[in-house]
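J.: So that we are looking at the same thing, I have put the structure below in structure tokens.
No value in this document is a laboratory result; all are computed from the given coordinates. It should be emphasised that the depicted structure is a prediction, and the values quoted were computed from it without experimental measurement. Methodologically, a virtual Cβ is constructed for each residue, glycine included, from the backbone with ideal geometry; neighbour enumeration extends over all protein chains shown.
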Amino acid sequence: MSDHGDSTYRANTALWMARAQFARSGIMDDRFERRSLVDCDVPEPTHPCPCCDHVTLAERGTESSWCPLCGWHDDDAVTTREAYSARNDCTLAEARARFAAGLKVGDEELFGPVVLEDCSLFKHCPVS
């Protein structure tokens, strides 16, 4: 997928999060009825992220499979927690440890810490 497709996916994921934040805070706004905040072609997340266990992925193992909570790029090559992910430059076990410590996968200066309030917007579905 092109960089444009990846950035579109990230923008739409951010919009899903914004809509969920409005709903959780009780803000009712008819703008949600007048126009969709999310492109019609972008499905709602239905798969749990293997790193943070929150349902944030619309599909698994594609170029655009990126978790907005922990920064994990879903990688078909990673079949165990000890397997190295070239897309993430770490193992899944290392990424899970970073998330547990409140850090995202990748460059800390670029991605920043995990935002716990955002985690509450997505269903937590622990994977064994």
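J.: For the residues VAL115, VAL127, VAL78, what sequence is obtained by ranking on other C-beta atoms within 10 Å, fewest first? It would help to have the intermediate numbers written out before the result.
T.: Numbers: VAL115 14, VAL127 9, VAL78 22.
Lowest to highest Cβ neighbour count: VAL127, VAL115, VAL78.
J.: May I ask you to derive the relative contact order of the range 66-121, considering only C-alpha pairs under 8 Å and at least 6 residues apart, and to give it as an integer percent? Mind dumping the intermediate values first?
T.: Working: 66 pairs, mean separation 16.8, N = 56.
Value for the range 66-121: 30 percent.
J.: How far is it, in nm, from the label point at THR79 to the one at ALA97 when both lie 7 Å from their Cα along the line to the Cβ?
T.: Reported label-point gap for THR79 and ALA97 is 2.4 nm.
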